[in-house]
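The values are calculated or read from the model by the stated rules, or taken from the named source; none is laboratory data. Fair warning: this is a prediction, and the values are worked out from it, not measured in the lab. Neighbour counts are summed over all protein chains in view; Cβ atoms, including those assigned to glycine, are modelled from backbone coordinates with ideal geometry.
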């Protein structure tokens, strides 16, 4: 299937705008795993809006030794290309903004629309 997306995509809705607070030296799931959800994810972003660095990992527990990357204060990370959990750790504690945009496409070509059958 080839999908063409408009510059300003229609039928998008967002998750609630609730930042995640990470206590100092405590691993926290910033985005839980979404591998078993049927919703179509359009975009997933996290942004370190706190004042300390954020160690992050995909599909596993982040710590200061094993991590996939570090977000400095005010940096944003695009997590749209997978559905794994995103965990984070900050040695001094930080706050992380989370944006998840879902696509509400109930057309015939949406594989998640089980109420329609192919012609």
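Okay, here's what the table says:
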quantity: Residue in the stretch 75-85 that is part of a strand (DSSP E or B), surrounded by 17 or more Cβ atoms within 10 Å (Cβ to Cβ) and out of contact with any helix residue (DSSP H, G or I) (no Cβ under 8 Å at 6 or more places or on another chain) present; calculated: yes
quantity: Odd one out for residue 64, checked against (1) farther than 15 Å from residue 98 by Cβ; (2) modelled with pLDDT of 95 or more; calculated: (2)
quantity: Of residues in the stretch 21-43 being over 12 Å from the mean Cα position of the chain (by Cα) and over 16 Å from residue 81 (Cα atoms), the one surrounded by the most Cβ atoms within 10 Å (Cβ to Cβ); calculated: 22
quantity: Extreme residue, farthest from residue 53 (Cα to Cα), among residues of the stretch 21-42 that are in a strand (DSSP E or B) and modelled with pLDDT under 90; calculated: 40
